[in-house]
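The values are calculated or read from the model by the stated rules, or taken from the named source; none is laboratory data. Here the structure is a predicted model, which is why all the values come from computation and not from measurement. No Cβ is skipped: glycine too gets one built from the backbone with ideal geometry, and neighbour counts run over all protein chains shown.
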Protein chains: 2
Amino acid sequence: MSVYTPVTEAELRDWLRQYSVGALLACEPVAAGIENSNYFVTTAQGRFVLTLFERLPAEELPFYLELMAHLARHGIPCPAPIADLSDRYLQRLNGKPAALVTRLPGRSLEAPAAAHCAELGALLGRMHLAGRSYATYLENPRGPKWWRVAAREVTPFLEACKRALLEDEMAFQAQRRFPDLPRGPVHADLFRDNALFEDGRISGVIDFYFAGIDCLLFDLAVCANDWCLESYRLDAGRIGALLRAYHAVRPFAPLEREAWPVMLRAAALRFWLSRLHDHHLPRPGMLVHAHDPEHFRQILESRRGAAAPWID
Amino acid sequence: MSVYTPVTEAELRDWLRQYSVGALLACEPVAAGIENSNYFVTTAQGRFVLTLFERLPAEELPFYLELMAHLARHGIPCPAPIADLSDRYLQRLNGKPAALVTRLPGRSLEAPAAAHCAELGALLGRMHLAGRSYATYLENPRGPKWWRVAAREVTPFLEACKRALLEDEMAFQAQRRFPDLPRGPVHADLFRDNALFEDGRISGVIDFYFAGIDCLLFDLAVCANDWCLESYRLDAGRIGALLRAYHAVRPFAPLEREAWPVMLRAAALRFWLSRLHDHHLPRPGMLVHAHDPEHFRQILESRRGAAAPWID
């Protein structure tokens, strides 16, 4: 359960008068999510999600909300922020920055098949194309700069072999930056629980609060390490489907083929680091169990030890 | 049938590459509508409507498209224009200005009950509140200025009694302008066929191509003369439901009560005039039968002869 800030029905009813979404019919807290407080809100107009931002720096919030608005108006099925009567996406509620966004239909999948990975790949390609005209800049807040800070902080907690792995991977990544890869807004956290499906089609991509500007290929690597996993390796059928469907929408640049193995390792490193950090240095008041860091260490080891599948 | 400009599947497939809505799955011309060419377009991403603008001045199109975008991001269920990869709503296709908008679910009603009129009233209230922050100005293109032009043009075709009615109503209206009524963007053409319902709830308002800035009350009068009609009179149950639901969202100003009977007559006059004009002076190439002007003459006579129902 991860609602940090309670909101009563009376408070919400009052607050919604600043919007043109009609009267409140129902409100229930959302159990999933570990960074914000979320509520499912139903009004006379439709279904929405109310988010109270618990952690994110207030100055970064417009980047996320405007990005979702940008993608939504390009036809990407992502939560569309609702503007209030003063035409603002960002409001306050019970002392927290807050936003109302559309609630998308569908459910996330635990065990996606190759066809679902193809749906995801095509959508990611479309999202990256649509993101090209988004003008606001925010560096991926969990990019290489953050890795260095996090690595320094978690190192004292690591046993020798893991410390050696981390040092070695950090050194490897530092020598292999690709400044010329296609870049743009990336979701950067598109795990299975952040995609919704309905009747076999992808019906929504949610939770853009780790988005930032980075290599587009990084987004794909994050997806691959979650959607295509088979005993920590990449399942040939699913990774092929993901890459081919993406390529059909946004054809890969030659440099991206070269960068792919490095990017898969970078994506594993990023989540190993954040899970180590949440595990050893939990934020005060954090209500949920941190994910086990071991999962991404194993993925990283696997990516280091095996050739990265690619398409012909 | 009202598709003036043909579009082949190959042309559409090519054209859609400028958007991030995925590959074309199906396309069918839309029979309804008399002003533009419309196609239902299904892509890998969802359901859209493609509109080729046949009549509207190109410089007015941004007003309509931006208004729909504005209302949609305030949570109003209206067609949301899809931005292309260069971030523009307005494109060209086969020599015509063209736009792609979301296709809304639901069906229009022929015989709405009081509950449907209440749904409409609440939505219209929310739409007017959301429209308040829309900054672009376009005078209602079928407002009093246009009435004078149209009246002059159709008068030669009218028999004496209708000519007298038109002259008398024009004089009546000219003496009763209400510059202090609440104004803003109005749909101005919200007949039954421009609203969609699903499971008894209003699921969409479509066809904003007669919108403009005018008295908000005018929008309600247009609705009343279509949705609440009973042998040309206003059905007490339906008009009461419409007005009460609207008032609950945007409470009426005292002046609006006074203006209401005049506004009902103005709304009847506007459509009598346009139907007379389409009937006697059809545009070249107009493919559809013009509506019978008599219908709105009868409504106008009825509004002139009876007290206008209002809420307590």
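Quick look at the numbers
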| read-out | value |
| --- | --- |
| Criterion: touching a strand residue (DSSP E or B) at 6+ places or on another chain (Cβ under 9 Å) and either more than 22 Å from B:Arg283 (Cα to Cα) or among the aliphatic types (A, V, I, L, M) (or both) - qualifying residue of B:Pro141, B:Pro185 | B:Pro185 |
| Of all residues in region B:97-142 being modelled with pLDDT of 95 or more, touching an Asp or Glu at 6+ places or on another chain (Cβ under 7 Å) and surrounded by fewer than 19 Cβ atoms within 10 Å (Cβ to Cβ), the one that is nearest to B:Val249 (Cα to Cα) | B:Ser133 |
| Filter result (farther than 22 Å from B:Val41 by Cβ and touching a Ser or Thr at 6+ places or on another chain (Cβ under 8 Å)) within region A:60-77 | A:Pro62, A:Phe63, A:Glu66, A:Leu67 |
| Residue list for region B:133-167, restricted to those being among the polar types (S, T, N, Q) and in contact with a helix residue (DSSP H, G or I) (Cβ under 7 Å, 6 or more places away or on another chain) | B:Thr136, B:Thr155 |
| Top-ranked residue of region A:24-51 - restricted to ones that are under 23 Å from A:Pro185 (Cα atoms) and at pLDDT 95 or above, ranked as surrounded by the fewest Cβ atoms within 10 Å (Cβ to Cβ) | A:Val49 |
| Hits in region B:196-228 (condition: closer than 21 Å to B:Pro62 by Cβ and either among the hydrophobic types (A, V, I, L, M, F, W, C) or assigned to a strand (DSSP E or B) (or both)) | B:Val205, B:Ile206, B:Phe208, B:Phe210, B:Ala211, B:Gly212, B:Ile213, B:Asp214 |
| Subset of region A:84-94 (residues that are touching a strand residue (DSSP E or B) at 6+ places or on another chain (Cβ under 9 Å) and part of a loop (DSSP other than H, G, I, E, B)) | A:Asp84, A:Tyr89, A:Leu90, A:Asn94 |
| Close pairs (8 angstrom Cβ cut-off, 6 or more residues apart or separate chains): more than 8 Å from every other protein chain (Cβ to nearest Cβ) and more than 19 Å from A:Thr51 (Cβ to Cβ) in region A:18-29, of a type in the set (D, E, K, R) and not in a strand (DSSP E or B) anywhere | A:Ala23/A:Arg13 |
| Single unsatisfied condition, A:Glu230 versus (1) without any contact (Cβ under 8 Å) to a residue 40 or more places away in the chain; (2) closer than 23 Å to A:Cys117 by Cβ; (3) crowded, with 21+ Cβ neighbours inside 10 Å | (3) |
